[in-house]
Each structure stands twice: as structure tokens, then as C-alpha cells.
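All of the numbers you see were taken from the coordinates with simple rules; none came from a lab. The structure displayed is predicted, hence computed values, not measured ones. With ideal geometry, Cβ positions are generated from the backbone for all residues, glycine too; neighbour counts draw on all protein chains shown.
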Amino acid sequence: MDLTAARKLLVQEARELLSAMETALLEIESEGQTSERINAAFRAAHTIKGSAGLFALDLIVNFTHVMESVLERVRNGSVTLDDKLASMLLRCGDYLGQLVDAVDADDITTDPDPVIRAELIARLEQVLGGSTLPVEKVATAVAAHEAPLDVDSEGQQLGNENWHLSLRFDEGVLRNGMDPLSFIHYLAGFGKIVHLHTLVDALPEVAAFDAEVCYLGFEIDLLADTDKQSLENVFEFVRDESRIRILPPHARMAEFIAFIEAMPEASQRLGEILVSGGTLTQHELSQALALQSTSKERLGKVLVEEKMVAAPVVAAALSKQKQAEDRRGQEQRVVKVEAGKLDALIDLVGELVIASAGARLLAERSRKGPQADSFVEALGEVAQLVEQIRDGALNLRMIPVGEVFQRFPRVVRDVSQELGKKIDLVITGADAELDKSMVDKLADPLMHIVRNAIDHGIEQVAERIVAGKAEQGQVHLNAYHESACIVIEVSDDGRGLDSARIRAKAVERGLIEHDAVLNEQDIFQLIFQPGFSTAEQVTNLSGRGVGMDVVKRGVEQLRGDIEISSTPGAGSTFRIRLPLTLAIIDGFQVAIGNSSFVIPLDVIVECADMPAQSGSQNLLNLRGEPLPYVRLRDIFGMPPLQGGRESLVVVECSNQRGHQRAGLVVDRLHGEFQAVIKPLGQLFHGVEGISGSTILGDGSVALIVDVPTLIQLSNTADARFKGSQQESAFDPS
């Protein structure tokens, strides 16, 4: 049997669980403990251990067993989860990530870091060995005084004089030679089993039934004079693989609530949850259901009014019920699909778009016969359907940018601790969607910007206090949609960029002349030069001049641009603007001579005839407003137009200076066009004003113009600057 595909699913699930565990631990560290967060961390470790056990991944199973034991102690309150322990558990998650990466590389026997493993296991076992277990004999003694069953002196006591045991044996317990009933019989030797409820939720259909698999769970009430440790010892041989929960007599309300929240079953019935949780017997439930049938009230209200169950416990059970319903609905709505399959689908849709355009072009060129118009009309309807398929296929690959953002709470925490700074990370707009292929490539540029904001931007605590700022600095990650783009901002409230220092360093390195005239934005752009750094000393984080040039190169590869705004003493904002997708766009086809170009449709404001101009100012009056313009034939070094009238395409883009308009002068307008974006070859590397290419319906190639770059060129005095230099790179044929 080939387990490769199943192992890949395990790797994917494990990475998601490790991410969830890291998020829970970071929230505990920053916002405090809640049972939900602790349970999330425990469930992640427990699930990873169980899944790894199916594939005999002993390195993962043995390590997560120790980690899970610590988290179990945290859950039952015998170990305190302080900052030191949280940091250690985060390191454990990092090491587990290495083990999962090794499994992904088909290496399941080699320990990627045995030194770290030994250190972490030793520290975890130290926590286990040094913890103080609760003295359950106290609870047993309290039971002997026959205190009221509903409340104690604090209004919190809820249980009766019975121990409550929740047993979920591992499915393979029978194969391992263990009989669940033998454990139950052994329990009877401690006292009297006053209630036993068998759970059959996991039983499959008859055809799928395996006689060697244990599908049953048990909820047991035991009247006995014993302690919790003795009861745990009963299950010593199955405890590691099974889920054994024990509540002492007269358990407090908080214990029952935590017990219900941690229940593994996803029952949708309130009564079943309360019975399984040990707060209600089957007989009491039957009585409550009988009362409900006559009163027509909700079951929860009946239970509270009859004082069978306390209101907070009913609320916890209702919350558990809603979680189960939400989870089931989510499972029905979400289908995991391999990214490669989506990429293949997008490629096929792209070819379909090209083929559809080609068929329509041929139909329009051969308008002969009585059926010609009907044929063209039918092809138009097909084109509309193809466009809907295109949009639907692209939406399949859109994922929240939060997929990237969720990596940074850990980064900010670790780096700020290393630097001795206090920094709060604020994330907004994480639900803004972006093409998955771009999300994967966006992580590195954002990582460099965030680390630089922490290292260079945010000041040390003492420096912030002197400046009248709060001790804790702030880094803000934000994302939002703008037209057909997504804008991602990384802001900080630190010292801001020092333009004079940047300029001096650039002159020192020979990047600019000492008398060069540069505005503030031009100076800020110098930090993206390879090897540029203003750091006085090299650290683990910065100072080597590596990073910001990678940021700019990475953003440009995604057909995006990056802008900087900064105020000395108040902070900086790095703003990345990217197209939503790298696959297919709505474009507007224009022509220069015999060559075709595509302008993204979302940036076009209007089209008009180019008025007669005199002089060489590259500026025209458009309804009383000055409009800078460039001729595409001049930009790309194409021969001048011989006769004929030119057309003007007015475009608009947003940048740090606000909304900017410019005119693009072309020979002819062909109309709207669905452009399947193809990457540019090495021949066009470094050619400004071009962002990609596409294939037209007749099989010819059209270049997609880079509008933001052309707008910048339109605002310079030398808009015709590189005609001769780029002529060799552009071949109209």
C-alpha cells in the first residue's frame, strides 16, 4: 500500500495544528489563560501524536507524548503556564515543525536536532517531576460531610459524592490484547458503580464494522473511598493511547464546565452533552424531557428551573453544542484541494479564454451567410460564460492575506525579546483576499520589513520614555482592497527614517553625487539599493545591507510597487501595492503600428482623440485640467507615426502622492480584452513600462503595459529618455 499521499495529508494537518498551537500559546502569553486556549494547545499536541502513531513515526510520537503530559497538567491546574513554560512550549513547537519537515522529505528515522530534543525533553520532564498534584483526599473528606449537592459556601459546588470517570479507549486497544470491560470490572473493586452510560456515537455502518476496533466510550459514576491517583493507576497500560478523564466527588462548577468544553464528542443534543459530562443522569434527563413535553419550554430552562443543573453549566453545554454545529457546517463547506490541481485548472481556463477569443475573432472576420450574425451572437454568449468560469476559477485560488499575517506574532515576540524591546503587534484587514501564488511569495518581503521595523524603527524603552512615548512600541500590519489591487501596509510608531543620514550614507557609498537634487521620496527609495545599510554595527538581525533590496525585487516580481512615508519621531509606513492575481486580468487592447499592447482595464478612466499639440512639454489641457502624457512609441523606441490621428487613453493610479492621472498616447483603440498573463522572458528583463505579455485570439503576442511606471515617466522631464536604449530589446515583428 502506498502511504505517500496519506503522509502528505498528515504533514499538512500537522503544520496547521502547530500553527494553531503557536497562536494559542502566544494569546495565553499576551492576553492570559483561558480554558479554550489551553485546550487548543493540548488538542494540537494530542492530534499530532495520534496521527503520527498511525504511521509509526516514533520520533514525533515519543516527543509529543511528553509535551502532551505537560499540557494535561496545565489543563488540570497542577502546573502553572507562566512565560517561561510558554517559551519552552513554543520551542517544542518549533522542534516538532522540524520533525514534520523531515517526514515531508521522506526521512522518518533521522532526528533533525538531537541536542535540542534532549534539552527540551529534559526540561519537560523536569516540569512533570516538579509539579504538585492536587490532594484528592481533601475532596473525599469533604464528601463525607454530606454537603448540599448544588452549591457550596461560594455557590460553586455542583457534584455529588460519586467519582465521575470519562473513558474513551483507543481504537486499537483490543488488538493490543486489552479488554475495556476488564477495566470496568476492576473499578467495581474500589466501591460501587452507581451509573454507567455507554456511548455508541462512533459505531459505523454494519458493512464497515471491524470486530477488532473499539468504538465504545463510557461515562461512569463510582461511589468509592479512594484517591485520584489510585483510579488513574487502573488505566496505566492504556493511559497513553486512550482519553481518561476523572472528576472527584463534589467537583466545583468550573471543573464541570472545563470538562464539557473538552469533550471529544460533537453531539448536537443538549441532554446528551450534560449526561456525558456527568452533571445529569439518564434518569434525570428522562424526567426533564417529560416536563418539557408538557411545559413546551426549552430543555435548558427546564433543567435550571428544576435545579437539576446550574445555569452556567447549561450555558457551557449550549456553547459546546453550537461549536459542534459550526464545525459540522464548516466541514461541509470546506473541501481541501491540492494547490497544483488549482494551478492546472487556472492554466486550462486561460487556454479556454484564448481559444474563445480566437473563435470570436474568426467569426467576426467571416461574416457571410444568413447564419453569420447568429453565430457571432452565440459565440458572444459563450464568451460571457467563459468569463464567469474564469472569475469562479480565480476565486478558488483566493485566500485571506491572514495566511501570511499569522506568522508574525511569533516573529515580533522573539525579536523584541532578543532586542529587549516592548512591542505590540496589531493586525487588521487579515480577511482581505489575494491569489495564493502571491501569498506564498509575499512572506519573505514582509518578513524583512517587519524585522527592520522592530530593529531600526522601534526605540528602546528608555529612549521612548525620554521622547514622551509609551514604553511599548507598536507595529501595525494592515491590508485592504483598492480598485483591482490589494494594499498591504507595515507601520510602526518608532523614530522614523532619517533622510539626512540616508543621503549621507548614499553619498559615502557612491550611489549619488553630493550635490544631487533629490526629494524626500527619492531619498527613501535609496534604502532599496543592494548592500545599503545605515546600521552602525552588525547584529543577528541587520547591518549587513541584505534585505531591503530583496524586498523591492520580490515585490516587483509580483508586478507590484512599494512606497514609503515617514515622519521623524513618529514612525514609518511601508506600503506594498499588488495586483489581486497573476493569472488573468480584464484589459483594454491598443495598437502602435503593427504591435499590440494591453492596458489593465481597472486603471482606465476614459479614452479620447489626441488633440493637436505644439511644443514639447508633454502636457495637454483636458477640459481645463493639465494632464501629463507619454507616447508609448517614444517609450519603446518605435518609429514615428506617419500620418493618421492618435488616440489618448487616460489612466489613474494611487501612490504616496495620492491619485495621479496621466495620458498614454497610442495609434488605435481595439477595445476590451481578457488577457491571460504570461511571464516575460529574459529578453525583456529591465525594460521599464512592461509588466507581462499575453496571447491574442489570432495567436500573436501583446505586451501588458506597467501603468504606474508610465505615470512616473510622464511626470519627468525626459519621458522619451530610453527610446534608443530599449529599441534593441523590442522587436515589433
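Below, the figures for the structure above:
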{"item": "From the C-alpha gyration tensor of segment 420-515, square roots of 5λ in Å", "result": "28, 22, 11"}
{"item": "Per-pair calculated FRET efficiency, R0 = 60 Å: Ala359 and Leu128 via Cβ, rounded to 0.05", "result": "0.30"}
{"item": "Gyration tensor (Cα) of segment 179-239, equivalent ellipsoid semi-axes in angstrom", "result": "27, 13, 9"}
{"item": "Virtual spin-label span in nm between Asp106 and Glu212, 7 Å along Cα→Cβ", "result": "2.8 nm"}
{"item": "Gap separating the Cα centres of segment 168-227 and segment 391-435, nearest whole Å", "result": "45 Å"}
{"item": "Extension gain (nm, one decimal) between Arg269 and Arg668, 0.36 nm per residue minus Cα-Cα", "result": "136.8 nm"}
{"item": "Residues whose placed amide H lies under 5 Å from that of Asn162, excluding near-sequence neighbours", "result": "His250"}
{"item": "Extension reserve of the Val605-Gln229 stretch, reckoned as 0.36 nm per residue once the Cα distance is removed", "result": "127.8 nm"}
{"item": "Simple label model, 7 Å out from Cα along Cβ direction - Leu419 to Val517, nm", "result": "3.7 nm"}
{"item": "Eligible aspartates and glutamates near Lys84 by straight Cα distance, threshold 20 Å, same-chain separation 8 or greater", "result": "Glu22, Glu27, Glu29, Glu31, Glu68, Glu72, Asp94, Glu119, Glu125, Asp414, Glu418, Asp424"}
{"item": "Förster radius 45 Å - calculated FRET efficiency between Ser319 and Leu181, Cβ distance, rounded to 0.05", "result": "0.85"}
{"item": "Pairwise label distance in nanometres, Val550 with Glu36, each label 7 Å out on the Cα-Cβ vector", "result": "3.7 nm"}
{"item": "Cut-off under 5 Å, modelled amide H: who pairs with Ile486 long-range", "result": "Leu578, Leu580"}
{"item": "Calculated FRET efficiency for the pair His659/Val411, C-beta based, R₀ 41 Å, to 0.05", "result": "0.75"}
{"item": "Links that overshoot a 25 Å alpha carbon limit, given the list Lys422/Lys505; Lys422/Lys552; Lys8/Lys441", "result": "Lys422/Lys505; Lys422/Lys552"}
{"item": "Alpha carbon Rg of segment 56-131, scaled by the compact-globule rule 2.2 N^0.38 Å", "result": "1.12"}
{"item": "Under the Karplus curve 6.51 cos²θ - 1.76 cosθ + 1.60, θ = phi - 60°, whole-Hz ³J(HN,Hα) for segment 406-415, x wherever Gly or Pro sits", "result": "5, 7, 8, x, 5, 4, 4, 4, 5, 5"}
{"item": "Cα-based Rg and Dmax for segment 1-92, where Dmax is the largest Cα-Cα distance (Å)", "result": "13.8, 47"}
{"item": "Length released on extending from Glu16 to Val382, taking residue separation times 0.36 nm less the Cα-Cα span", "result": "127.7 nm"}
